[in-house]
Amino acid sequence: MSNYQHILTEEVGPVGVVWLNRPNVLNALNRVMVREILEALERFDRKERIRVILLAGKGKAFAAGADIDEMAEENTISMELLNQFADWDRLAQIKTPIIGSVHGYCLGGGFELALLCDMMYAASDAKFGFPEVNLAVMPGAGGTQRLTKLLGKTRALEWIWSGDMMSAEEALSFGVVNKLYPADTVFEETLNFAKKLAEKPPLAVRMIKEAVHKAVDYPLQEGMYFERKNFYLLFSSQDQKEGMKAFMEKRKPDFKGY
Ligand code: CO8
């Protein structure tokens, strides 16, 4: 447990859980809160015993967007000087897998945070959307980029232009979320997956994360080179020796994490 104002953290075995915790405003993300999320994630990322990070929201929602009250009086120059998106760029550098557990509203900056997760499980009551257009602004923390890479231009434009909310079923059919669960079990189900993933050899898990992310940004051949480099790199680990030896000896591997 750490002393945060707007989030809670806990360790469930090898899983580091970060709870968004401003339930009175549906976990609207203010700048302090984003900084706290970043600090918590980076702290977990540096802990060897933490193998997976789980991000979830307390109360009725995952997060209903950036804190509108905080943004209302900003102007172009104040925004430029705040440079708040530097924190978001750092969030994308976390090496530990991040799994989102989403329920209720997942809007605007909240949706952008969910899209930063490597995978997402959602409650069947979850509602996703980018309502920024209705405030005469637009997504600013990656929404136009990440959603378009995921869905393609036409679908992304339809969502972001309309500002409409999409049901959990639609989000599932578009591949935005991995699986749907009833609202009262989604956290447990996500935690179960996180625990299972935490049992895998962590270096391989990290190298896979890195390579899959490159597939989104790199041309195919560059991505292939990157994949190969990570593949070779894993042959320096003790876990690779153990994994293959255990297979040949027909026993369960005992992975050490190096
Ligand atoms: N910011 C500030 N307060 C909020 C926000 C928000 N995004 N969302 C909800 N709240 C507050 C409400 O003001 C209300 O407070 P109070 O009780 O003091 O009046 C409380 O949360 C509960 O909300 P509602 O009474 O409105 O609850 P409803 O169930 O009636 O409605 C909705 C839920 C539909 C989700 C509604 O609250 C809503 O439309 N919220 C705003 C959604 C929105 O526009 N989000 C986008 C914000 S802009 C954005 O995200 C830009 C991202 C840029 C980069 C990210 C930087 C962090």
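The values are calculated or read from the model by the stated rules, or taken from the named source; none is laboratory data. Since we're looking at a predicted model, the values are computed, not measured. No Cβ is skipped: glycine too gets one built from the backbone with ideal geometry, and neighbour counts run over all protein chains shown. We work out accessible area using only protein heavy atoms, side chains counted, and drop any ligands, DNA or RNA first. Shrake-Rupley method; radii C 1.70, N 1.55, O 1.52, S 1.80 Å.
Tabulated results
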| item | result |
| --- | --- |
| Potential extension, Y258-E48 segment - 0.36 nm per residue separation minus Cα distance | 74.6 nm |
| Exposure of M244 as accessible area (Å², to 10), given a probe of 1.4 Å and all protein chains | 100 |
| Approximate spin-label separation K200-M248, in nm, with each point projected 7 Å along Cα-to-Cβ | 2.5 |
| 16 Å Cα-Cα reach of K47 towards aspartates and glutamates, excluding residues that sit fewer than 8 places from it in its own chain | E10, E11, E39, E199 |
| Spin-label proximity, K60 to the range 104-118 - amide N less than 18 Å from point 7 Å beyond Cα toward beta carbon | 104-108, 110-111 |
| Segment K95-V133, extension gain: residue separation times 0.36 nm, minus the distance between their alpha carbons | 10.4 nm |
| Label-to-label distance, nm, for residues given as E169 and L151 (7 Å Cα→Cβ offset) | 1.7 |
| Relative pair counts by distance (%), Cα atoms of the range 145-258, 5 Å bins | 2, 9, 13, 14, 14, 15, 14, 10, 5, 3, 1, 0 |
| Ratio Rg/Rh, restricted to the range 1-49 and using Cα atoms, in which Rh is the Kirkwood radius | 0.98 |
| Semi-axis lengths, Å, the chain, gyration tensor of Cα atoms, sqrt of 5 times eigenvalues | 32, 21, 19 |
| The range 1-100 - Rg (one decimal) and Dmax (whole number), Cα, Å | 14.1, 45 |
| Prolate/oblate/rounded call for the range 110-189, Cα gyration tensor, a/c under 1.5 rounded | prolate |
| Accessible-area value, D239, 1.4 Å probe, nucleic acids and ligands omitted, Å² | 10 |
| Kirkwood estimate for the range 53-143, i.e. one over the average of 1/r between Cα atoms, Å | 13.9 |
| Distance violations [Cα-Cα > 19 Å] among K214/K245; K58/K127; K195/K245; K95/K195; K214/K241; K209/K241 | K214/K245; K195/K245; K214/K241; K209/K241 |
| Estimated vicinal HN-Hα couplings, Hz - the range 228-239 in sequence order (Karplus 6.51, -1.76, 1.60; Gly, Pro = x) | 4, 4, 5, 4, 4, 4, 5, 6, 8, 8, 5, 5 |
| FRET efficiency for Q238 and K179, using Cβ-Cβ distance with R0 set to 45 Å, rounded to 0.05 | 0.85 |
